[in-house]
Amino acid sequence: MLGKWVVDASYFLQASHPYRKVKNSVYNLLENNHYHYKKIFDFFMIVLIFLSVFILIRQVKHELSYEWIFFNTYVISFIFLTEYLMRLWVHSDTSKVVIEQYEHDLFLHRPFSLSKALNQALLKKFEFIRSPAAIIDLLAILPFFHELRMLRVFILFRVLKLFRYAKSLRRLLSILSSKKFEFITLIVFTAIVIFIASVLIYVMEANNPDSPVNTLFDALYWSVVTIFTVGYGDIIPVTSEGRVVAMVVIMLGIAVISFATSIVVSAFTEKLDEIKEDKLIDDVSRLKRFYLICGFSILSLEVIKKLHKGSIPIVIFEKDPILLAQARSHGFLALEYDSASMETYTHLKINFTHQIEAILLLQESDVANVFTALTIREMNKHVPLYAILHNIEHRRKLQMAGIDVIINPQELIGLLGKILSTQPVAFEAIHTLRSEHTSTVIDEIVVKKGMEKVFFDLLQEPLFLRRLSVLGIFHESEKDFRFNPRHSETFREGDVAIVLANPVLISEFKTKLHRRSVG
Amino acid sequence: MKRTHAAIFGYNEYSKQILKQIINIYREITLFVANSEEMNAAANDGLSAELFDLGDDWGTIEKRFDVRTLSVFCALGNDAENVFLTISLRSSFESVFIIALAQNHESMLKMKSAGADKVMPVLQIAANVIGDMITKPNVTHVLHDILYEDEGLGVMEVKIEHTSPLVGTYLYDTDFNTQFDLILLAMVDHERENSFSFAVEGHNHHIDADDVLVLMGDKQKLALFKQWARG
């Protein structure tokens, strides 16, 4: 009967949309580094930790008001306790474990074993409880339960919680933990040396009335201070035998420090590439909008130069290390990833809809571009795809792969060759306009509400007269281009005016147009 | 003098496309290839080609063509060869019109120094088109129609004859927009050492014979203007 209730409750929770939504939100808040509110939550917790430590320090020599003590003992601890319980809750899905066990038993025609299901669920929760981070969390809550003065030092465990909220600290910990074996070896070695040195110095010195070493603790204290090369000088050996021990311990101390330093340095060196890669991934995930270029080549470089004039950043995927190094030497955000692999996009957590402005497939072969296009289309049907076509015979294949715009340099050259043959000056004019190497550019002005009333009047002002030419208006709704528009031309919101002028003048025109339209 | 003959050097994807586009423009087009492989490739496509050597003294060209009516397309496989071909042709023939292909901006400058009249920097052109398609799709669409479509809008350069009614006037004296429904894009001023400038740069040029006006507009209206400008 109880088993049936538990199973029913589990199915209810699994099917409950509000429950899943809340649990998902809590999980994102606590564990998802890409969740916007996690940063705010982490910052809030860091502030609480520092407040807690500040109160502890202040309490040493000052009397604090009841409110502060209450805040520290109950409010902060309660928040930490709530956080601990929430982490415990989201760590595993108990209802899922129960359902899995129920369905497993059902499949094998066995009676449902509630105890087995609960046992498995508890084991999963215990995984969290015994994790180092959870133990620190628990110790940080302790002052809440005990107001004994001694237990106040447990507040310092709250400082260790910083590892949860500061990513750089987490990274440091993960780097050092990669050398766990070496550190354990060092600790064991140091402990043995300290033990032997303490016993030896105690045996050599304790019976000498002039020696400051009187107890085994004095010997231990001296050994630790000496082996870590601090040497306060408050306790020094006075017998010859004791000084021999001191010389050996000093030498071993240098070895211990060198060994420890080398472990830390090698851990960082080995993880350097990983750290850099992590930083690049972070940089990409922080971008709100970007162009993605698949494949770095001389053509990519030219395209990037062109696109860099805008404000949207560019990310490059290149799997060839030599080309990748070239891209990075130009200061571009280039990642060593295979653009044709779905794993790349899931690993980088790229949101095609919200992050990517357009994807440019500029790899050296049509085969690679088709392969990449199919990968991207498998993941997103709508992201704009542009590709370079190397062999005209492959055009249909690129179209079938879902590429929106295909550019073939050979065809372009053929068409330009035709214009050059008949109208070389016109070619010069158009090419110069496109390359944007002169003081005159061709640009678009998107017409917004109210602009249509002031557009032509503004053109007549001395600043713009004969210096800003309107080639035409592209009527967005009718997809119709009206060349050389008259003053009577009607605009609609979203129409695009194509203008020719100095870029500074175009910018000024846009500013004035905006001001007048809203004024 | 009108260019009636063309010579294309090199047989590759670029020269194939150039040949396809200019076939109706020139009275005669001759294909020159550097080796038997290219010769065979051309033959497979049903084209006859002639072998040439970069070390030639180009006597055959002089014998076969009136170089004043000849346009040459240097479309060899690499930039170094194209530069060498350009400089060889220019050193032999001053009046031949040389159009050269360059892979990048650096090679483009070399081609110009070698004497090419016009250079098509392949990668830069492709990059500009890709960039414009993404950032200025409407501009690209309009320019594409103007440049490549046979009907509708077009661009035309008009050389001012001595008899033209425009001779002796200033640019601002003529309202191209309202009078002809055309937009003046650019001008090559004979008085200013054939310097090229856009109309919107704000210079009220004095129009003389041999100046060149570049106009945009409906192809029929452009033709009418050309007729009118002839005088």
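Values in this text are rule-based calculations from the coordinates and carry no lab data. Predicted model, so just to flag it, every value in this text is computed and none were measured. Every residue, glycine among them, receives a Cβ derived from its backbone with ideal geometry; neighbour counts consider all protein chains shown.
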Report summary line: Per DSSP, the loop-located trypsin sites (Lys or Arg not before Pro) within segment A:459-519 having at most 12 other beta carbons within 10 Å are A:Lys479, A:Arg486
Query raised in the report: If r is the Cβ-Cβ distance from A:Val248 to A:Met1 and R0 is 51 Å, what FRET efficiency results, to the nearest 0.05?
Result: 0.10
Report summary line: Given Cβ charges of +1 for Lys and Arg and -1 for Asp and Glu, the option among A:Pro132, A:Val518, B:Phe73 whose Cα lies farthest towards the positive end of the dipole of the protein assembly as shown is A:Pro132
Query raised in the report: If amide H atoms are built 1.01 Å from N in the plane of the peptide, which residues on other chains or at least 5 residues away come under 5 Å of the amide H of B:Val119?
Result: B:Ala100
**Report entry** J(HN,Hα) series, segment B:105-114, from Karplus relation 6.51 cos²θ - 1.76 cosθ + 1.60, nearest Hz, glycine and proline x
**Finding:** 5, 4, 5, 4, 5, 5, 4, 5, 5, 6
Query raised in the report: Can you give me the pair-distance distribution of segment A:288-407, C-alpha pairs, 10 Å bins, whole percents?
Result: 14, 50, 34, 3
Report summary line: Once amide hydrogens are built 1.01 Å from N within the peptide plane, the residues lying 5 or more places from B:Val72 or on another chain with amide H under 5 Å from its amide H are B:Ala7, B:Phe97, B:Ile98, B:Ile99
Requested in this report: Under 10 Å from the Cβ of B:Ile160, count the other residues' Cβ atoms, weight Lys and Arg +1, Asp and Glu -1, and hand me the total.
Outcome: -2
Report task. Determine the principal axes of the Cα atoms in chain A, then give the extent along each, sorted from largest to smallest and rounded to whole angstroms. Result -> 111, 73, 57
Query raised in the report: If one takes the longest principal axis of the Cα atoms in chain B, at what angle in degrees, from 0 to 90 and to the nearest 10, does the Cα axis of helix B:137-148 lie?
Result: 70
Query raised in the report: Which lysines does A:Lys180 reach when only Cα atoms under 26 Å apart count, and residues fewer than 8 places away in its own chain are ignored?
Result: A:Lys124, A:Lys125, A:Lys161, A:Lys167, A:Lys271, A:Lys276, A:Lys279
Query - Taking B:Ile125, A:Ile201, A:Ile413 and counting other C-beta atoms within 10 Å, the order from fewest to most - result: B:Ile125, A:Ile413, A:Ile201
Query raised in the report: In sequence order, what are the phi-derived ³J(HN,Hα) couplings for segment A:162-167 according to the Karplus relation 6.51 cos²θ - 1.76 cosθ + 1.60 with θ = phi - 60°, rounded to whole Hz, with x for glycine and proline?
Result: 4, 4, 6, 9, 9, 5
Report task. Report Rg/Rh for chain B, rounded to two decimals, where Rg is the Cα radius of gyration and Rh the Kirkwood radius. Result -> 1.00
Requested in this report: For segment B:125-231, state which GluC sites (Glu not before Pro) are in a DSSP loop and have at most 16 other beta carbons lying within 10 Å of their beta carbon.
Outcome: B:Glu149, B:Glu151, B:Glu161, B:Glu191, B:Glu193
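Write out the chymotrypsin sites (Phe, Trp or Tyr not before Pro) in segment A:215-278 meeting two conditions: DSSP loop, and at most 16 other Cβ atoms within 10 Å of their Cβ.
Values: sites: A:Phe217, A:Tyr221, A:Trp222, A:Phe228, A:Tyr232, A:Phe259, A:Phe268; in loops: A:Phe228, A:Tyr232.
Those that pass, being in a loop and sparsely packed, are A:Phe228, A:Tyr232.
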Query raised in the report: What is the Å³ per residue value for the convex hull set by the Cα atoms of segment A:440-518?
Result: 76
Query raised in the report: For a paramagnetic label modelled at 7 Å from the Cα of A:Ser178 toward its Cβ, which residues of segment A:337-376 fall within the zone defined by backbone nitrogen distances under 17 Å?
Result: none
Query raised in the report: For segment B:5-123, what Kirkwood radius comes out of the mean inverse Cα-Cα distance, in Å?
Result: 14.2
Query - Under 16 Å from the Cα of B:Lys110 - lysines, other chains or at least 8 residues apart - result: B:Lys118
Report summary line: log10 I(q)/I(0) for segment A:370-425, Debye formula on C-alpha points only (no solvent), q = 0.21, 0.29 Å⁻¹, two decimals, reads -0.75, -1.10
Query raised in the report: For segment A:447-452, in order, what is each residue's ³J(HN,Hα) by Karplus, 6.51 cos²θ - 1.76 cosθ + 1.60 with θ = phi - 60°, in whole Hz (x at glycine and Pro)?
Result: 7, 9, 4, x, 5, 4
Query raised in the report: In terms of Cα to Cα distance under 19 Å, which lysines are near enough to B:Lys136, apart from those fewer than 8 places away along the same chain?
Result: A:Lys305, A:Lys306, A:Lys309, A:Lys448, A:Lys479, A:Lys510
Query raised in the report: What residues qualify as long-range amide H neighbours of A:Gly472, i.e. H under 5 Å apart, gap of 5 or more or another chain, H built at 1.01 Å from N?
Result: A:Asn484, A:Ile498
Query raised in the report: Quick one: Debye curve from the C-alpha atoms of segment A:180-273, no solvent, what's log10 I(q)/I(0) at q = 0.11, 0.18, 0.19 Å⁻¹?
Result: -0.36, -0.75, -0.81
Report summary line: For chain A, longest principal axis from Cα atoms; helix A:132-141 axis from its Cα atoms; angle between them, nearest 10 degrees, is 70
Report summary line: Here segment A:224-327 gives, from Cα atoms, an Rg and Dmax in Å of 27.2, 80
Report task. Please say if segment A:1-102 is rounded, prolate or oblate, where rounded means a/c under 1.5 for a ≥ b ≥ c the square roots of the C-alpha gyration tensor eigenvalues, and otherwise the choice is prolate for a/b larger than b/c and oblate otherwise? Result -> prolate
